[in-house]
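This report concerns only the one structure given below.
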Amino acid sequence: MAEIQYVSPHNTRMGSLQNEEELQIVEFLLGKNKFALNLFDVKEIVEYTRITPIPGSGKYIKGIIDLRGEITTIIDLKAKLEIISSKDHQDQSRIIVIDSSVTKSKTGILVDDVTTVLSITESEIEKKVCDENGSSFILGVIRHKQGDKESDHVELVIWLDIPGLLKEMGQ
């Protein structure tokens, strides 16, 4: 049986369709590193807006915003994951609003930028990188090929378990 080649509508990488489940992810930046989360955990992505701090909240609670009449808690993912970033690019920052099926209350996560939405297959994910006791919220590392055949290189994208992370934070 011949292998079927396809071009993903989200990028130009080639892959094969051999009964592999295709996953949709949102890729974003935190500092200099790329991360991803399941597209179906996302309600919407909004531009950065002024965030009102909440006195006495945890170090990773950035504050709240009024998103179309609803108070939305904003979590600073860099603070929660202890990612050090030298610059704060608010003009490129985005808020990824998490779907209500994932959270107890209206919640968004602050990221430095959203880079793309991708279709990936299971074979592109290395799942054995997490720590053994499961305290990490890393589902795996995605090997994402960039460029054309002559200048091919692989970027590593850390796939986060946002539902698990939010649950642990009580969100």
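The values are calculated or read from the model by the stated rules, or taken from the named source; none is laboratory data. Bear in mind the structure is a predicted one, so any value in this text is a computation, not a measurement. Cβ: placed from backbone, ideal geometry, glycine included. Neighbour counts: every protein chain shown.
With the requirement that a residue be among the acidic types (Asp, Glu) and surrounded by fewer than 13 Cβ atoms within 10 Å (Cβ to Cβ), what does the range 41-75 give you?
Glu44, Glu47, Asp66, Glu70 - these are the residues of the range 41-75 that are among the acidic types (Asp, Glu) and surrounded by fewer than 13 Cβ atoms within 10 Å (Cβ to Cβ).
Let me confirm something: among Ser123, Ser100, Ser136, Ser93, which residue is over 24 Å from Leu67 (Cβ atoms) and either surrounded by 13 or more Cβ atoms within 10 Å (Cβ to Cβ) or at pLDDT 90 or above (or both)?
Answer to the check: Ser136.
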